[in-house]
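Peer 1: Structure in structure tokens, see below.
The values are calculated or read from the model by the stated rules, or taken from the named source; none is laboratory data. Quick caveat: nothing in here was measured; it's all calculated off a predicted structure. Quick reminder, even Gly has a Cβ in these numbers, built from the backbone with ideal geometry, and neighbours come from all protein chains shown. Protein only, heavy atoms only, side chains kept; ligands, DNA and RNA dropped before computing areas. Shrake-Rupley method; radii C 1.70, N 1.55, O 1.52, S 1.80 Å.
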Amino acid sequence: LAPPALATTSAFFELAIDGAPAGRFTVELFDDVPLGAARFADLARDRRGVGYRGSRIDGVVPGREVRASGLPRLSYAEGGTGDGVIAGGDTADSLAPELAAAAHAHAPGTVSIVVADAEPDPVKTRLVAIGGKLVTVEEPRRGPPNGTAFTVALATAPELDATNLVVGRVVSGLDAVDAVSRLRATPPKGDSAFFKIAAATGDKRAVVAKKFWRRPIARVIITACGLEE
């Protein structure tokens, strides 16, 4: 889908920690990633009632990155605000060419949307009885990223270049983002024997546990967002 013309080049986000205001940051969008920037702008302004307002900050690495949860689904049902379709459609597939072109690397202050999986879920098989016989079937994997979760890099992060499309940079309020990155969070436990075995066998408990790694103990929410004229 062709990206619509951007009404502005900047988007703002206001944060709250356990209900208390925690600052605001502004993102200047890059014009050389037109589809990705237009998608990010659409989600920042809640186009058709679908956007980042109410999203949770679900991952932090002190002084390195902050990750905002994506939308579980993109809905264009009747009754939404605005008109047209969110740039890029309801999957991240259309963003792949811009990701491959890599117009920008993950430098400090850059903002990127998650387009691809770094570690796809392992395939898990199980035996089921069909017609009186035991048959091995594969359980469906979790779907790929839908191009809505985003990351703010606070340091150079080349490990994100293959999966995240950089769409802009923070031009004000980076101190508020850094403060969020330093909140106490659930530590990763990938070196535990239980996790290694569970992950190797495709145990769903490992997948669920990993979702909570580096999640702030406090509840951090995007309470307001939009485009700056």
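Peer 1: When you scan the stretch 29-51, do you find a residue that is of a type outside the set (K, R), open to solvent by 10 Å² or more (accessible area, probe 1.4 Å), at pLDDT 95 or above and under 15 Å from G226 (Cα atoms), even just one?
Peer 2: Yes: the stretch 29-51 contains one or more residues that are of a type outside the set (K, R), open to solvent by 10 Å² or more (accessible area, probe 1.4 Å), at pLDDT 95 or above and under 15 Å from G226 (Cα atoms).
Peer 1: Would you mention how many residues in the stretch 132-166 are at pLDDT below 95, in contact with a Leu (Cβ under 7 Å, 6 or more places away or on another chain) and surrounded by 13 or more Cβ atoms within 10 Å (Cβ to Cβ)?
Peer 2: So the count comes out to 3.
Peer 1: Cβ-Cβ below 6 Å, separation at least six or inter-chain, first residue in the stretch 32-45 and touching a residue at least 40 places away in the same chain (Cβ under 8 Å), second of a type outside the set (G, A, S) and in a helix (DSSP H, G or I): which pairs?
Peer 2: Every condition considered, the pairs that remain are V33/E98; L35/E98; G36/L95; G36/E98.
Peer 1: Assuming G80 fulfils every condition listed in (1) modelled with pLDDT of 80 or more; (2) open to solvent by less than 70 Å² (accessible area, probe 1.4 Å); (3) part of a loop (DSSP other than H, G, I, E, B) apart from one, which condition is it?
Peer 2: (1)
Peer 1: Turning to a different aspect of this structure: So, in the stretch 16-33, how many residues would count as being of a type outside the set (A, V, I, L, M, F, W, C) and in a strand (DSSP E or B)?
Peer 2: Going through the stretch 16-33 one residue at a time, the tally reaches 5.
Peer 1: Hey, among the residues in the stretch 207-229 that are assigned to a loop (DSSP other than H, G, I, E, B) and touching an Asp or Glu at 6+ places or on another chain (Cβ under 7 Å), which one's modelled with the lowest pLDDT?
Peer 2: Ranking the candidates gives R215 first.
Peer 1: Can you confirm whether the stretch 3-15 contains a residue that is at pLDDT 95 or above, out of contact with any Asp or Glu (no Cβ under 6 Å at 6 or more places or on another chain) and not in a strand (DSSP E or B)?
Peer 2: no
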